[in-house]
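Okay, structure first, notes after.
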Amino acid sequence: MPTDPFRSQSFNGVDDILIVGGGLAGLFCALKLAPRPVTVLAAAPIGQGASSAWAQGGIAAAMSPGDTVDRHVADTLAAGAGIVDEAMARMMVAEGPARIEDLLRYGVPFDRDLEGKLLLSREAAHSERRIVRVRGDMAGRAIMEALIAAVRATPSIRVLEGYAVEDLLREGPSITGVVARAHGGRAKVRVAFAARAVVLCSGGVGHLYAVTTNPHEACGQGVGMAARAGAIIADPEFVQFHPTAIDLGRDPAPLATEALRGDGAQLINRDGHRFMLDLHPDGELAPRDVVARGVFAEVAAGRGAFLDCRTAIGAHFADLFPTVHASCLSAGLDPATMPIPVVPAAHYHMGGVLTDASGRTSVDGLWAAGEVASTGVHGANRLASNSLLEAVVFAARIADALSGTLPAPSARGPGWPAGESDDPVTPVDSTALGTLRQLMSAHVGVIRNKDGLISAIRALQALERRTPRLRFANILTTAKMMAAAALAREESRGGHYRSDCPEPRAAWQHRSLLTLAEAETILADAAESRAA
């Protein structure tokens, strides 16, 4: 059962700081704020609905003797395809080692060598071994387990599990709280919470696509809520498709970590041909968008794509990559002796709610961190394992910024009824959401073009007319922002690939910044052009 929202915990009649989301960014921010009172609202038990817990590779940090901040920044800039905010990336990379030390203090059991030093591995597009891991592919789970234990032992943190936030409260120019439903969003009665600051850590957008590695909760509601509240959304067209989701027909799709290719696994088609060598000099270690399109092309051509770990990893697979090993065995596939069938899957959103270096959004009282935010450090294509780094660095910076005095909210209590609604969330996809996921995969996916995007826009507008529910409105808003930005960007760059504009253009070497009103104008013009 959800925690009683009306239970007082010396919060003086109002929540001081409200964090939406129980993933890495949310929990880390709460811990860094201690002993300042904070409430965490999570739709699922903390950690269970978060992509952070599923992260396999680890956290990138320039901590080896031969590595430097400059080298890590250079790799980040190269992967980001020309639109990384270099100042933000440099700040993130410079603060990375200190955040790793924080995680160690919270009890994260990062791998160490025989001398007790952190064991560092390499992933695609990194020039150095700088990935801090836990048992090969268990970093996300281990980090979340340690943080959950630390959060539950911290008296200043109140955790309300089972509360799905579906709207932001706004008074004048400022966000002053949220509206949520208990029982994972299935309750009819809604509850409002006032707060001096709302920190949005609600995760990504992967579940907007038919094939994704993300949990069901990652359906873009945070971006949609913020956009509807007037926040600027940055780079929504840039979606990273992980090239090696395990093709078992599951939703979400299990992930075959990037680290497998870092350790020598090769991509082959059904004929045994190593096709990535035809597409990029780095082969399997090319940037993710290049590998994703390579795998997509092989699958689309009927040749299939497989990750061959037999020679490079072989008999050591179970010990080195237990999570992937278990996923394969559950489908009757032994990855030590059999190639793993793979397919691209929506994995990470480089776009999100625009923030500054302290995590502030363009709307007063609203802050954001983690995948829901867009800080500019990823540009058009995230460098592997920079996402967890970004989450902890910017969560800590939000905590630092919130250490000052905040404006007082309205004199409401810590939770009060906000009316009833017949639009509760169901535990499975609605028909409308299933339709949306197919649309996004078909037309706003790995490969896009103008005609497909316009078709998707018209279909999204039709869905909007038929489905007025608030939860779906948030999801649909995010999808519309992504489609509008993808249509406007008439080039190919990083995670955004247009088959009708296959090359990058100098005129588009900048970030996309959109309000919902601006996106609606793009959508309306597109619909009219199609109709004409």
Original post:
Going by how many other beta carbons lie within 10 Å of each one, how would you line up M91, M350, fewest first?
Top reply: M91, M350
Original post:
When Lys and Arg each count +1 and Asp and Glu each count -1, what net charge do the other residues less than 13 Å away from A380, Cβ to Cβ, add up to?
Top reply: +2
Original post:
Can you list the lysines whose alpha carbon sits under 20 Å from that of K480, skipping same-chain ones fewer than 8 residues off?
Top reply: K450
Original post:
Once every DSSP H run of n ≥ 4 in the chain is given -39500 (n - 2.57) and the sum is divided by its residues, what mean residue ellipticity at 222 nm do you get, rounded to the nearest 500 deg cm²/dmol?
Top reply: -10500 deg cm²/dmol
Subject >> Residue range of the chain that is longest and free of trypsin sites (Lys or Arg not before Pro) which are both DSSP loop and sparsely packed (at most 12 other C-beta within 10 Å) >> reply: 118-504
Original post:
Hey, fewest Cβ within 10 Å first, where do I17, I340 land in order?
Top reply: I17, I340
Subject >> Relative contact order %, the chain, counting alpha carbon pairs below 8 Å whose residues are six or more apart >> reply: 22
Original post:
Can you put D85, D319 in order, fewest other beta carbons within 10 Å first?
Top reply: D319, D85
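Values in this text are rule-based calculations from the coordinates and carry no lab data. In this text, all values refer to a predicted model and were calculated from it rather than measured experimentally. Using ideal geometry, Cβ is built from the backbone for each residue, glycine included, and neighbour counts are taken over all protein chains shown.
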